[in-house]
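A short worksheet on the structure shown next.
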Amino acid sequence: MNGKLHGKVAVITGGNSGIGLAAAQLFASEGASVVIFGREESVLQQPGLLGVRGDVTSEEDLKKLFDVVRERFARIDVLFANAGLSKSAALGDVTHDLYDQLFDVNVKGTFFTVQHALPLLSRGASVIVTTSNTNSVGYPNLSVYGGTKAATRAFVRSWAAELVGRGVRVNALSPGPIATSLLTKDVDDATRAAMFDGIASIIPMKRMGQAEELARSALFPASDDSSFMTAAELVVDGGTSEL
């Protein structure tokens, strides 16, 4: 029996770990040829996946990524623009450097990832952009991060309108708090556990999401099951933004 992505070519940024890697592994198991792109050396060492090392903020690295895709596959059927950076700071503590870092990765990086992919997008292709429930819910200390995610949500609407004539669908995947290293980089196990417990307490389902759950959510817009869906937002946050 063929998988939901049988014969498709998928490109996933932020593929080193977390949601990106989980999605890459799931998409491959569903029959896709998968290219992952990330900053760490481990991106080159994932079995069954074609890894390209680079940074979405680098024009040269993005050109390298899509040159590899062009030479190997000549098209893209699924583009998952998932690379992102999460940092928090109170309004009075935000520095120019933090502001620029977040907007460079989350906004500029996402924009130019999709722009570079345009010539390779097949008719009927699916573009998925990882945003966040912070694009519509206010959280203390996340004003800059939330601003970047609101920008990417706006991109999805505009790109969907612009590309509908090509048969390309563009949708947003908006996670709530997910138990990945993005949230707890450079902290010890005890601190991580305390952070996760604190976050889980404000989620109606009283737990954090897992990367594999987001991967399964991404499979729907990636597949032909979502053929009548574009400009939409799939919110996967344990009810946080609605309850």
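The values are calculated or read from the model by the stated rules, or taken from the named source; none is laboratory data. For clarity, every value in this text was computed on a predicted model and none was experimentally measured. Using ideal geometry, Cβ is built from the backbone for each residue, glycine included, and neighbour counts are taken over all protein chains shown.
Annotations for the structure displayed:
Table: residues versus (1) farther than 30 Å from Glu71 by Cα; (2) in contact with a strand residue (DSSP E or B) (Cβ under 7 Å, 6 or more places away or on another chain); (3) at pLDDT 95 or above.
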residue: Asp93; (1), (2), (3): yes, no, yes
residue: His96; (1), (2), (3): yes, no, yes
residue: Gln101; (1), (2), (3): yes, no, yes
residue: Gln115; (1), (2), (3): no, no, yes
residue: Arg123; (1), (2), (3): no, no, yes
residue: Ser132; (1), (2), (3): yes, yes, yes
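- In the stretch 224-237, residue farthest from Leu79 (Cα to Cα) [restricted to those that are out of contact with any helix residue (DSSP H, G or I) (no Cβ under 9 Å at 6 or more places or on another chain) and assigned to a loop (DSSP other than H, G, I, E, B)]: Phe228
- Lone qualifier among Arg192, Arg207, Arg153 - being at pLDDT 90 or above, part of a helix (DSSP H, G or I) and among the basic types (Lys, Arg): Arg153
- Hey, Ala179 of a type in the set (Gly, Ala, Ser) and either modelled with pLDDT of 95 or more or over 23 Å from Ala24 (Cβ atoms) (or both) or not: no
- Qualifying residue in the stretch 172-179 (condition: farther than 24 Å from Ile12 by Cβ, touching a residue at least 40 places away in the same chain (Cβ under 8 Å) and not in a helix (DSSP H, G or I)): no
- Condition met for Ala81 (touching a residue at least 24 places away in the same chain (Cβ under 8 Å) and either under 22 Å from Leu234 (Cα atoms) or of a type outside the set (Val, Ile, Thr) (or both)): yes
- Test result for Arg75, surrounded by fewer than 17 Cβ atoms within 10 Å (Cβ to Cβ), touching a helix residue (DSSP H, G or I) at 6+ places or on another chain (Cβ under 6 Å) and among the basic types (Lys, Arg): yes
- For the stretch 104-142, the set of residues classified as assigned to a strand (DSSP E or B), surrounded by fewer than 21 Cβ atoms within 10 Å (Cβ to Cβ) and hydroxyl-bearing (Ser, Thr, Tyr) consists of Ser122 only.
- Look at (1) closer than 30 Å to Asp93 by Cα; (2) surrounded by fewer than 16 Cβ atoms within 10 Å (Cβ to Cβ) and you find that Ser174 fails only one, number (2).
- Of the residues making up the stretch 210-243, just one is small (Gly, Ala, Ser), closer than 17 Å to Thr134 by Cβ and in contact with a Gly (Cβ under 6 Å, 6 or more places away or on another chain), namely Gly238.
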